[in-house]
Amino acid sequence: MPPSYTHYLFDLDNTLLDFDRSSREAFAEAIESLDLICTDRMFAQYAEINHRYWQLYERGKIRSSEMRRARFADFLKLYDKEEKADEISHLYLDNLSQKVHWVEGAKEVLDALKANGASLALITNGLKSVQRPRLKLSGLEEYFELVVISEEIGCAKPQRAYFEHTLRELNHPSIERVLVVGDNPQSDVLGGQRFGLDTCWYNRRGKQRPEGVRPPTYEIKRIRQLLHLQ
Ligand SMILES: [Mg+2]
């Protein structure tokens, strides 16, 4: 029998919207203002630094404001332009907030779930100044009865407090009728598991599950498969 969830908690970036594509475009435009040509190597350097800072943020070790600046300071140091960190950080975030690319099939999935009467919440570890405009531009905000942006509530996935806040705001639905859907095994899958929720890992690149994360309830390669869980 197919599962019958009443509530879906969706991650945003790289689950519903193609963040990698938007980020790459926003980064290239920001960097080019310094007369640098954005190459694959440069973006990979930035992505690695960014990933490190996001992990610190998700573990509650640094604040979002520190992360925003430090990732560009570290990256620009490689090109002797560290003094431009604030400027580039602002420019990047401004660019990013205006970029919306849907993950293929995501809109169709949300429409189908909505039509079935499911309650949808958005759970994202993003920055407010980036996520709010993108939710508006994409039309996504109309789908969700609740939007939880980590920066706005002062804690992030996979922290327990984040999920506690989300379920409280949803009026405590029964736990076995809630499904967490996301691409990140650490923040989405582990976060949901720690809270006793079923999880669906959208693993589009067929990555290995990291150590310390138990198998999710479901694993899918295309977001459309969410409509055919067994
Ligand atoms: Mg994500």
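The values are calculated or read from the model by the stated rules, or taken from the named source; none is laboratory data. Remember, it's a predicted structure, so these values are computed and weren't measured experimentally. Using ideal geometry, Cβ is built from the backbone for each residue, glycine included, and neighbour counts are taken over all protein chains shown.
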- request: Could you please let me know if GLN208 is of a type in the set (S, T, N, Q) and modelled with pLDDT under 95?
  value: no
message: Scan the stretch 56-75 and tell me whether some residue there is among the polar types (S, T, N, Q) and in contact with a Leu (Cβ under 7 Å, 6 or more places away or on another chain).
response: yes
- prompt: Taking the stretch 9-37 as the search range and keeping residues that are without any contact (Cβ under 8 Å) to a residue 12 or more places away in the chain and farther than 30 Å from THR166 by Cα, which one is surrounded by the most Cβ atoms within 10 Å (Cβ to Cβ)?
  reply: GLU32
- prompt: What single numbered condition from (1) surrounded by fewer than 19 Cβ atoms within 10 Å (Cβ to Cβ); (2) more than 22 Å from LEU226 (Cα to Cα) fails to hold for ALA156?
  reply: (1)
Residue tally, condition in contact with a Gly (Cβ under 9 Å, 6 or more places away or on another chain) and more than 16 Å from SER97 (Cβ to Cβ), over the stretch 1-46: 6
query: If only one of SER187, SER174 is buried (at least 17 other Cβ atoms within 10 Å of the Cβ) and small (Gly, Ala, Ser), which one is it?
result: SER187
task: Run down LEU56, LEU78, LEU91 and say which single residue is away from the ligand (no atom under 16 Å from the Cβ), within 20 Å of ALA26 (Cβ to Cβ), of a type in the set (A, V, I, L, M, F, W, C) and surrounded by fewer than 19 Cβ atoms within 10 Å (Cβ to Cβ).
output: LEU78
message: Please verify whether LEU9 is modelled with pLDDT of 95 or more and within 16 Å of the ligand (Cβ to nearest atom), treating the condition exactly as stated.
response: yes
task: For VAL103, indicate whether it is of a type in the set (A, V, I, L, M) and either more than 16 Å from the ligand (Cβ to nearest atom) or over 26 Å from GLU48 (Cα atoms) (or both).
output: no
